[in-house]
Amino acid sequence: MATKTARPGRALIAFFALLAIIYGLVGLAGSWTPALGLDLQGGTSITLRATGDPSEESLEEARQIIDDRVNGSGVAEAEVTTQGSNEIVVEIPGENRRDLLDTVQRTAQLRFRVVACSSLDANCYATVIDGGSTDGTSTDGTTTDGTGTTNNKKNGTKKNNGNNRAGLSYFRQSSTSSASPSADATASASASADASASADASADPSADPSADPSASATPTETSEPTFDQDAIDACLASSAKDDTLAKPLEWAQDPTTDCVTAFQTFQCPTDGTAVSVMSDDPATPLLTCDEDGIAYLLTPSMIEGTDLSDAAAEIPTDSFSYVVTLQFNSDGTSTFGRISRNLYNNGGQFAMVLDGQVLSAPTMNAIILNGQAQISGDFTEETAQSLATSLRYGSLPIAFDDNPLVETIGPSLAGDQLTAGLIAGGIGLGIVMLYCLLYYRGLGLVVIASLAVAAALTYALILLLSATAGFTMTLPGVAGMIIAIGITADSFIVLFERVRDEMREGKSMRVAVESGWKRARMTCLAADTVSLLAAVVLYIFAAGVVKGFAFALGLTTLVDLMVFFWFTKPMVSWLARFRFFNKGHRLSGLDAEAIGLTQAPAGGKA
């Protein structure tokens, strides 16, 4: 029976082709430096102080939710810890991560409401607040009761929000029609499995919200909202007596006159500060803003955040842009279906409100019966991920002070200390290589080459993971990689010693390499499997930076197996073809003295 001929050249070519492909992917990702953790590059520290006297269980629950929020935003290796009896400290890698401040300190329940009025809707400003004729006709032709306030509240006209920031629909919205959908269009939308939304962030929130002369004047630059507290109180009082308040969809079509008046006297800050001037009570209307300075009058809550099963940022297979997907539970699906039927294709908006502030207010261009929707538009990866994170981790069990302590912190192992650590590691690696050269001589070159290739492959994988999975390199991770160097060196030693054993029995180097490989590979597989299992167990059950150590250890162990099977062994098989090695030259490391023989090892082509 013919034996299979080793083809080390093919294995080496395949290995280097794989390495080239990985570096090509790194080049496409566009980053040639790994993301560093907090202990190596410093970052931002946010200290949140709870109001009142929270219980230990509530503080821990809040810590876990904040940890989910931060790492759900793609910030790997962020440290979230409790401090004392009422503080949570969030340490985030990066020079300045104040952009995550809102994400970590949002406290209120997530709620879904229907938009009754927005500052982009001219119809909401069509009533007369002051003045008007005494004969029952307002300056815009609307019949009044002589007091300057319209009887029909919103003139009975459903708003057309062609400039809305977002749209919730199966197809990307290009325009919004105020006409009722036809029966055929409704049936078609009902068959849709999902919904998507389009967002238009180009609207100028500081522009005059109405083309009507009776609209409020163009707002001036301000960092504080302006509102009429008496009008707000009147809104709440009249809404409590309004039978339609229990039917938010009907109330959104025809809100009370007092609430429309309160909305007309309300102006959002123009500096991008999202505020609410009413309590976020699920049973009452809400007057609030979004971060673009757009004012909203919202119905009572229709869906609570607890009815949202999941939210995620992703790129659909048929698109090149990010969307935010929503999934409701059974109760939320039922209510969401009623809302979508009511708002379908007529410009009505559905607001997602967190901490009393509007996160997004999409329109509805499909009837959604399965509780699955997509919000699409001009999202970037960061904005889509931020919205999904806020929706997914909506509420905290405790409240925090309004002004958290935000500090920029330096790396814990910086400057001379980090340099000294790298020098020490380099010296240690150099000693290992020198020892291999002195002991194994020519074969020691295989050790050096294998370590260099393993380092190149590990670095490429780290870059790729940093760009695609948010992996960050921390000091414990570096320690895990240094430990793996010893595991890699052990693999070489096992192979070399097995080859020497075979040659002591009189076999040529070419035969000894193949027979010794069969015995060495099982030993190395067993050792690497144990190391890999230890890394997996640590990663699953450990917390904090220990996960980074476990991940790095597991990654470098897999790299060791790849290098051992696809580089080291083929390299030794290829060197066995050269007379310098198979005849046992004194500098090859396989001479008679080195392997303990009284005569030169067998050579030739055996």
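The values are calculated or read from the model by the stated rules, or taken from the named source; none is laboratory data. Predicted, not measured: the structure shown is a model, and the values here were computed from it. Using ideal geometry, Cβ is built from the backbone for each residue, glycine included, and neighbour counts are taken over all protein chains shown. When the accessible area is computed, the model is the full protein with side chains, heavy atoms only, and any ligands, DNA or RNA have been set aside. Shrake-Rupley method; radii C 1.70, N 1.55, O 1.52, S 1.80 Å.
With all protein chains present and a 1.4 Å probe, how do Ile232, Ile540, Ile493 order by accessible area, largest first?
Ile540, Ile493, Ile232
With +1 on each Lys and Arg Cβ and -1 on each Asp and Glu Cβ, and nothing else charged, work out how big the dipole of region 467-606 is about its Cα centre, in Debye to the nearest 20. Could the numbers behind the result be given before it?
Numbers: 15 positive and 10 negative charges, 107 e Å.
Magnitude of the dipole: close to 520 debye.
If you build the convex hull over the alpha carbons only and average its shadow over all orientations, what do you get for region 247-327? Give it in nm² to one decimal.
That works out to 7.6 nm², a quarter of the Cα hull's surface.
If you find the alpha carbon centre of region 462-476 and of region 246-315, how far apart are they in angstrom?
40 Å
With +1 assigned to the C-beta of every Lys and Arg and -1 to the C-beta of every Asp and Glu, and no other charges, what is the dipole magnitude of region 228-371 about the Cα centre in debye, to the nearest 20?
480 debye
How big is the dipole moment of region 344-489 about its Cα centre under a simple scheme where the beta carbon of each Lys and Arg is +1, that of each Asp and Glu is -1, and everything else is neutral? Debye, nearest 20, please. Working shown, then result.
Numbers: 2 positive and 8 negative charges, 158 e Å.
With Lys and Arg at +1 and Asp and Glu at -1, about 760 debye.
Would you mind putting 37-47, 334-344 in packing order, based on average other-beta-carbon counts within 10 Å, highest first?
37-47, 334-344
Grab the beta carbon distance between Glu57 and Trp32, set R0 = 45 Å, and tell me the FRET efficiency rounded to 0.05.
Efficiency for this residue pair is about 0.50.
To the nearest 10 square angstrom, what accessible area does Asp281 show with a 1.4 Å probe?
Approximately 60 Å² of Asp281 is accessible to the 1.4 Å probe.
I'd like the projected area of region 426-487, averaged over all directions, using the convex hull of its alpha carbons. Report it in nm² with one decimal.
4.4 nm²
Given Cα positions, please report Rg to Rh for region 446-574, the hydrodynamic radius being the Kirkwood one.
1.05
Hey, could you grab the Kirkwood Rh for region 303-362? Inverse mean 1/r over distinct alpha carbon pairs, Å, one decimal.
Roughly 13.0 Å, rounded to one decimal.
Rg to Rh ratio, region 342-399, alpha-carbon atoms and Kirkwood radius? Kindly include the intermediate steps, with their values, before the conclusion.
Working: Rg = 13.1 Å, Rh = 13.1 Å.
Taking Rh as the inverse mean 1/r over Cα pairs, Rg/Rh reads 1.00.
Could you tell me the extents of region 259-298's C-alpha atoms along the three principal axes, largest first, rounded to whole Å?
29, 20, 11
Mind checking the log10 I(q)/I(0) for region 463-522 at q = 0.12, 0.28 Å⁻¹? Debye, one equal scatterer per Cα, no solvent, two decimals.
-0.49, -1.04
Using a 1.4 angstrom probe on the protein heavy atoms only, could you order Glu497, Glu250, Glu505 from most to least accessible area? Intermediate values should be presented prior to the final figure.
On the way: Glu497 50, Glu250 100, Glu505 125 Å².
Result, largest first: Glu505, Glu250, Glu497.
Around Tyr296, under 9 Å between beta carbons, what's the net of Lys plus Arg minus Asp minus Glu among the other residues? Working shown, then result.
Values: positive: Arg113; negative: Asp290.
Residues close to Tyr296 contribute a combined charge of 0.
If you count only protein heavy atoms and use a 1.4 Å probe, how large is the accessible surface of Leu445, to the nearest 10 Å²?
Number for this one is 110 Å².
Which ³J(HN,Hα) values in Hz, rounded to whole numbers, follow from the phi angles of region 347-359 under the Karplus curve 6.51 cos²θ - 1.76 cosθ + 1.60, where θ = phi - 60° and Gly and Pro get x?
In residue order, the calculated couplings are x, x, 10, 10, 9, 9, 10, 10, 6, x, 10, 6, 7 Hz.
Report the Rg/Rh value for region 372-516, based on alpha-carbon coordinates and the Kirkwood definition of Rh.
Rg/Rh: 1.22.
Starting from the Cα-Cα distance between Arg504 and Ser319, subtract it from 0.36 nm times their residue separation and give me the gain in nm to one decimal.
Details: separation 185, 0.36 × 185 = 66.60 nm, distance 6.42 nm.
Using 0.36 nm per residue and subtracting the Cα-Cα distance, I get 60.2 nm.
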